[in-house]
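Right, one structure below, let's go through it.
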Amino acid sequence: MARSELTSNNGAPSEPGSTTPEAHPHLPSVHVAAQTALACRLAEQYGRKPTMNALRKAIADARTEKRPLTQDEAAEAAACHLAAASASKLKTVYNLTGTILHTNLGRALLAEEAVEAANRAMRNPVALEYDLSGGRRGERDDIIRGLLCALTGAEDATLVNNNAAAVLLTLNTLAAGRSVIVSRGELIEIGGAFRMPDIMASAGVRLTEVGTTNRTHLRDYEGAIGPETGALLKVHTSNYRIEGFTKAVPARELSALAKKNNIPLVDDLGSGTLVGLSPFGLPDEPTVSEALQAGADLVTFSGDKLLGGPQAGFVVGRRDLIEKINKNPMKRAMRADKIRLAAIEATLRLYQDPDRLTERLPTYRALARSLDDIRACADRLLPAVAAKLGEDFSVSIADCESQVGSGAAPTATLPSLGLAVRPVGAQSAGKALGGLAAAFRSLPAPVVGRVKDQALIFDLRCLEDEAGFVDNLSSLDIEEGAGGAARK
Ligand SMILES: *Cc1c(COP(=O)(O)O)cnc(C)c1O
């Protein structure tokens with residue numbers, strides 16, 4: 001291709017008289033196309049320079065493809081280029097995967113109160129590190145310290161970029177150059193990039209593994225403690241469960257051992273939660289205050305998992321240790337900005353009124369949503385989706401299971417309902433399903449479901465904006481996306 005283009009360009013240099021209409025159909029000049037009404041509007045909307053570039057590209061494309069182009073067509077093509085180029089890469093999607101806190105889809109959705117607080121902080125100067133009573137420099141942690149301590153019973157608290165940073169900073173502060181003892185049953189990997197042994201190496205601490213994969217006893221920890229030991233670490237096995245012949249040492253016993261040896265016990269809770277999960281029909285996870293009561297000296301947890309806030313990592317616990325952490329120069333490299341601090345503060349305030357959490361915090365709203373409510377939503381949506389998909393697909397309401405996601409209650413599920421879409425009479429159901437899923441993913445607001453049992457399942461637990469969902473469906477390109485694949 002490239003070669004023949006080259007030849008034709010070289011063979012017929014821009015000598016107007018020598019070109020035949022077949023070889024070089026008529027093309028407008030950029031400046032003529034720029035005079036069209038549409039191009040003027042584009043220049044207004046996107047700027048003159050991007051518009052000229054888009055017109056140039058439209059004309060160049062027509063030249064390459066040897067097709068004629070009017071000046072109005074050039075402007076229309078430029079409008080498409082500009083619209084595509086200005087669309088955000090961070091697309092808003094419908095998370096109908098059934099995983100409430102989906103790491104790849106941005107985890108927790110923020111409460112309106114948090115969104116407003118973040119907005120205010122973006123628009124205005126804020127007293128981020130400014131003590132208004134004394135007119136002096138203040139500390140950004142002061143904004144959330146009181147709330148975190150009140151909600152967890154901790155003596156002190158600090159905040160960094162995410163929980164991975166909280167663990168890294170905590171281990172580095174307590175045990176750089178020394179060893180940290182962890183059970184072999186708790187050497188987790190989360191999402192590939194967070195592997196406990198690697199985090200420990202990056203923190204400059206030596207990993208001392210004790211016990212076995214399925215059973216670790218108190219005596220294993222006891223035997224490993226020596227003058228080199230900087231901390232004992234307990235890690236929440238966030239994305240798996242070891243079942244059967246197992247033994248893990250309860251936090252309370254570990255804490256007694258740590259105290260006897262004057263070594264701090266760190267409990268990495270992962271998701272961490274400030275309230276129990278049993279009201280939602282889920283097994284209870286240890287709350288942050290329970291982990292502290294069980295004797296952990298420091299507890300680390302995430303902001304955007306079950307807590308339902310923005311990405312953040314918290315360390316709460318003993319004041320002397322938190323003070324050491326705050327003096328670590330690494331802390332400055334991991335600090336949270338004012339936007340997130342504002343959102344975190346507003347999110348934490350919602351916990352002061354736990355009775356209304358399920359109304360205000362989207363994460364808990366999704367957890368608490370009743371099957372009747374989800375069924376009513378499915379009943380309303382079924383006709384619209386079925387009509388849009390036509391005869392090549394069947395749409396039905398199906399039982400499915402939601403999960404919390406992001407390492408909270410990893411093996412527990414919540415009964416839910418969804419729309420199940422199946423290709424009808426297709427030669428290759430798998431291919432048709434793949435095409436259908438791709439068509440939904442190429443909508444203006446991509447819809448992400450889950451393929452299971454030869455069906456594309458849209459779990460409706462997390463769908464709140466039904467009208468927007470139906471509107472969005474009007475752009476579904478079934479011919480190219482799915483129907484074509486179904487007919488092949
Ligand atoms: C999720 C998790 C982390 C990492 O937290 P981020 O906030 O994603 O950085 C660390 N430890 C455990 C046990 C986790 O579950």
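All of the numbers you see were taken from the coordinates with simple rules; none came from a lab. Note that the coordinates shown come from a computational prediction; the quantities given were computed from them, not determined experimentally. Virtual Cβ from ideal backbone geometry, glycine too; neighbours counted across all protein chains shown.
Each peptide in 414-420, 256-262, 403-409 gets a packing score, the mean of other Cβ atoms within 10 Å over its residues, and the list from highest to lowest is 403-409, 414-420, 256-262. Packing, as the average of other Cβ atoms within 10 Å across residues, places the peptides 92-98, 472-478, 78-84 in the order 92-98, 78-84, 472-478, highest first. Maximal additional length on extending the Glu129-Thr103 stretch stands at 6.3 nm, based on 0.36 nm per residue less the C-alpha distance. Computed per residue of the chain from DSSP H runs no shorter than four, each worth -39500 (n - 2.57), the mean residue ellipticity at 222 nm is -12000 deg cm²/dmol.
When the P(r) is computed for the stretch 360-453, the part past 23 Å accounts for 33% of the Cα-Cα pairs. A simple spin-label model places pseudo-atoms 7 Å from Cα toward Cβ; at Asp320 and Ile339 they are separated by 4.0 nm. In Å, the Kirkwood hydrodynamic radius of the chain over pairs of distinct alpha carbons? Kirkwood hydrodynamic radius for the chain: 26.6 Å.
Roughly how tilted is helix 429-441, in degrees to the nearest 10 and between 0 and 90, from the longest Cα axis of the chain? Tilt of helix 429-441: around 90 degrees.
Modelled this way, with points 7 Å down the Cα-to-C-beta line, the labels at Ala150 and Ser475 are 4.4 nm from one another. The alpha carbons of the stretch 112-360 stretch over 55, 42, 33 Å along the principal axes, in descending order. Other residues within the sphere of radius under 15 Å centred on the Cβ of Thr99, judged by their own Cβ, net out at +3 (K and R +1, D and E -1). Taking the longest Cα principal axis of the chain as reference, the axis of helix 37-46 is set at about 20 degrees. Sorting the segments 100-109, 47-56, 368-377 by their residues' average number of neighbouring beta-carbon atoms within 10 angstrom, most packed first, yields 100-109, 47-56, 368-377.
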